[in-house]
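Encoded as structure tokens, the structure appears first; notes follow it.
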Amino acid sequence: QIFKTNIFKIGAIAPELIKLNADMYANLGLVEKNLKIGDLLDGYYKKRNPHPLVELSEDENEYLKNNPKIKVHNESNWPPYNYNTNQTPKGFSIDYMNLLASKLGIQIEYISGFSWDEYIEKLKNNEIDVMLNISKTPQREDFFSFTTSYAKSIDTVFTKKNSNLKNLDDFDGKTIAVIKGFYEEELLKKYYPNIKLLTVEDSIEALKKVAFDEAQGAIDSFAVGNYYIQNNLISNLKPAFEIEDKRFNLEMHLATNKNNEILRDILEKTKAKITEEEIFNLKKKWMDEKVYLNNSNIYLTQIEQNYLNNKKEITMCVDPDWEPFEKINENKEHEGIAADLIAIISKKLNIEIKLIPTKNWEETLKFSKEKKCDILSFLNETPKRKEWLNFTNPIFEDPNVIVGRIETNEIKDLSKVKASIALPKGTAMYERFEKDFPNMMIIPVNSEEEAFSLVEQKKADLTLRSLIITAYTIKEKGLFNLKILHQPKNYENFLRIGVIKDEEILVGILNKAIEQITSDEIQTIVNKWVSIKYQKAADYTYFWVFFALTSVLIFFFLYRQYLLKHANNHLQKEVIKRTRQLESSNESLKQKRDELHNLNKNLELKIKEEVEKNRLIQEKLFKADKLASMGEMISNIAHQWRQPLSVISTLATGVKLQKEFDTLSDKELILNMDLINKNAQYLSETINDFKNFIKGDRNLQNYNLSSTITNFIHLVESSIKNSNIRMVLDLDDDIFINGYPNELIQCFINIFNNSKDAYEETNQKNPLFFIETKKQNNQVIIKIKDNAQGIPQNIISKIYEPYFTTKHKSQGTGLGLHMTYKLITDGINGKIDAKNVSFEFEDKTEKGVEFKIIIDL
């Protein structure tokens, strides 16, 4: 296992092997923990090759004498060619450069942590000496000198599996994600100007843009794209086609600065000394075809298969007391939901997963840190645990809930609760609660059972546990004086397998097995462990067994002792008596089962009552949101009335003074009266707009969309002026809709208010608010967008959830967009969607969010 003979030759010198041995010696205290592997390799190469294997000119030898260490670029993530994990450079190109260095007898300093564009600039500025795996283009040849190619890959476009795009011409008007500064960006701009380019930082980001519909394709090396798809389980993508345009030639070269051609010449001479066998071994290590496991859809790379072959068994520590998820039973066996899932993984990978028993969860964590077990079976990912563990994708998902006594009031906001909460020590929830809710007093306990017990005995107010564990414990232990009070947001259990960092390759292998576990398999396992069991009630079957055995003995005895007829009759009567007793016991059991059934029905009714309470609360909050909008409208009206009221007051006073001084002409009187009337009419229109907005009737109307938008603008006119917002309208005046105009105005106001807040948050100097309407395919399309920089991508999918807000609680209820979503989808059977967009306006690129509302005519 230490030498990995199926990956490296015996005696091979590779950074991975050096690091593995250095870590082992450091743990034994034989070497320093911060041993610099690069310096160790440099010393080895110098000692092994005091005289280089390459014949160089006098000038070239002088160059190496003056530059014994050269700086080479090492990317963060372009596997399998050039990447970095745990501060160790890896990949085909890295091994190739190490091979060149060994033949020259020089040292390499790998420079990591920059983007491709930044490396290009560093090479231009002579801050690094060599770039690896770089393609040659006319533009680059102005700055760099290139060796001949040392590897070639296939330029490939990756799309969704259901895509029918088959060549670059099919992408006219569509978007391709391309790594910023890669040569493909230069060629696409020049030869395919109709393709929209979305530049990204790296390969995995490009693939994600396609997976989440921000681009229709991503362009990259076939090997790199496939590596990321397989190792990150991006199951909805495929390599769609190889680019047949000969100008896309993904040959990889070494490049130096144009003014450093002597180094390019040295590298070129050294390349000629690399043998075919050495190239073959590099390709075998990094480019081997995937291997499918027997009787499985799981595929492994050759390196992964060799790892399992050498590993023989995977050692595992578990939580010994976490029913029904897992426990160690009296026979020292692992059982529960986690155990059954791990058994499936073990079978799919065809490798034994061996249990290392522990006394409690704290000892389990201790064993893991001490590397006594390779994996932890079933746990949440936390920052502290990531210090020594890598984590697989989730193997099981389950929400956490707050549990309290039956008399405890419903909890709406945990941050405002002053209460004690019992939490097991060392758990992810303990770690998070301590940070998120300093207002609560945490009582540390040793087990789930102790936490529930403290709440039941009124020694703690609450506990936080998994929904499955809560249901299981309440029913199994008969704790019917406890109930679920609250489900905290973002406190779901995403249970994963934790893998110690020394076994990094194991994470990808386990992920491939996890992906193959079906939802039916998971449901079957959950039903097995969480369903209500009354097996103890069936203990009376022992009487039946006893009865059967007794009967056999009796008949045997009668056969042998037929003279004892009287005794036989007595025993028969005894059997009848026992049978009646058993029937009576069975009837008693039936009654108990009916009682439990009624108890469950009462529990269901209680749950329905709580759901109805939540619905009524939500209705009140909706009304509160409506009232908040009305309050803002009243504020707008107050602002809008100031100007006309001031004009009326001034004109009235002026007329009075002129009359007193007898200077008022009829013409001036008529003019002033007209102005007063005009301003009074304006005030009347404002009141009518507000009255129409707030009136409670909900009558279906056929209304003009353009007029409704005009009414909306009147209602928020004060906010528009105060915030200096420029309204850009592109309206079709002939669109009529059957629906509820006031509700649509409410939607416009909610979206407008969010944009207004975003302008202030992003300090937008020139705020723009666009509204566009059009008819298309018997549908009305309404597009609303701003230039407030958009919504963070990690929360845009949550904006319609009730109570979700990024504002302070005093500024937002989190119901505005949820209400908008309900009014559009439920109120008029429409659709609404939001996405971040970039667009050109008046020769300037703007970024913002665009809401698209679709209403059927």
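The values are calculated or read from the model by the stated rules, or taken from the named source; none is laboratory data. This is a predicted model, so every value here is computed, not measured. Ideal geometry is used to build each Cβ from the backbone, glycine not excepted, and the neighbour counts take in all protein chains shown.
Residues in the stretch 325-358 that are closer than 20 Å to Gln523 by Cβ and of a type in the set (Asp, Glu): Glu326, Glu335, Asp340. Specify the residue that is farthest from Lys425 (Cα to Cα); the eligible residues are those in the stretch 305-349 that are crowded, with 22+ Cβ neighbours inside 10 Å and among the acidic types (Asp, Glu). It comes out as Glu326. Screening the stretch 171-244 for strands (runs of 3 or more DSSP E) wholly inside it with 2 or more residues that are in contact (Cβ under 8 Å) with a residue 60 or more places away in the chain returns the ranges 217-221, 237-242. If you filter the stretch 78-88 down to residues that are within 14 Å of Glu504 (Cβ to Cβ) and in contact with a strand residue (DSSP E or B) (Cβ under 6 Å, 6 or more places away or on another chain), you find that the one that is surrounded by the fewest Cβ atoms within 10 Å (Cβ to Cβ) is Asn84.
Just give me the residues in the stretch 241-271 being more than 30 Å from Lys65 (Cβ to Cβ) and either in contact with a Gly (Cβ under 7 Å, 6 or more places away or on another chain) or β-branched (Val, Ile, Thr) (or both), in sequence order. Listed by number, the list holds a single entry, Ile243. The condition of being more than 20 Å from Asn98 (Cα to Cα) and part of a loop (DSSP other than H, G, I, E, B) holds for only one of Asp319, Asp340, that being Asp319. Considering the stretch 89-109, the residues that are under 32 Å from the mean Cα position of the chain (by Cα) and not charged (D, E, K, R) include one that is surrounded by the most Cβ atoms within 10 Å (Cβ to Cβ), namely Ser93.
Being surrounded by fewer than 16 Cβ atoms within 10 Å (Cβ to Cβ) and not in a helix (DSSP H, G or I) is a property that does not hold for Lys386. Looking at Ile195, Ile154, just one residue is in contact with a strand residue (DSSP E or B) (Cβ under 6 Å, 6 or more places away or on another chain), surrounded by 13 or more Cβ atoms within 10 Å (Cβ to Cβ) and at pLDDT 90 or above, and that residue is Ile195. When the stretch 346-368 is filtered for residues that are farther than 23 Å from Glu448 by Cα and under 29 Å from the mean Cα position of the chain (by Cα), the ones remaining, listed by number, are Ser346, Lys347, Lys348, Leu349, Ile353. When Phe280, Phe378, Phe367 are checked against the criterion of being of a type in the set (A, V, I, L, M, F, W, C), outside the structural domain of Ser235 (by TED's automatic domain parsing) and without any contact (Cβ under 8 Å) to a residue 24 or more places away in the chain, a single residue qualifies: Phe280. Going residue by residue through the stretch 361-378, is there one that turns out to be assigned to a loop (DSSP other than H, G, I, E, B) and under 25 Å from Ala460 (Cβ atoms)? So far as the stretch 361-378 goes, no, none of its residues is assigned to a loop (DSSP other than H, G, I, E, B) and under 25 Å from Ala460 (Cβ atoms).
Only residues that are within 25 Å of the chain's Cα centre (by Cα) and not hydrophobic (A, V, I, L, M, F, W, C) were counted in the stretch 416-436, giving 8.
Keeping to the stretch 128-151, report how many residues are part of a loop (DSSP other than H, G, I, E, B), polar (S, T, N, Q) and surrounded by 13 or more Cβ atoms within 10 Å (Cβ to Cβ).
Total meeting the criteria: 4.
Counting only residues that are within 52 Å of the chain's Cα centre (by Cα) and either in the same structural domain as Leu645 (by TED's automatic domain parsing) or modelled with pLDDT under 80 (or both), how many does the stretch 684-714 have? Residues in the stretch 684-714 being within 52 Å of the chain's Cα centre (by Cα) and either in the same structural domain as Leu645 (by TED's automatic domain parsing) or modelled with pLDDT under 80 (or both): 15 in total. Just one of the listed residues (Asn490, Asn400) is under 24 Å from Leu365 (Cβ atoms), assigned to a loop (DSSP other than H, G, I, E, B), among the polar types (S, T, N, Q) and assigned by TED's automatic domain parsing to the domain that holds Ser368, and it is Asn490.
Out of all the residues in the stretch 340-356, is one or more in contact with a Cys (Cβ under 7 Å, 6 or more places away or on another chain) and under 16 Å from Thr315 (Cα atoms)? Looking through the stretch 340-356, at least one residue is in contact with a Cys (Cβ under 7 Å, 6 or more places away or on another chain) and under 16 Å from Thr315 (Cα atoms).
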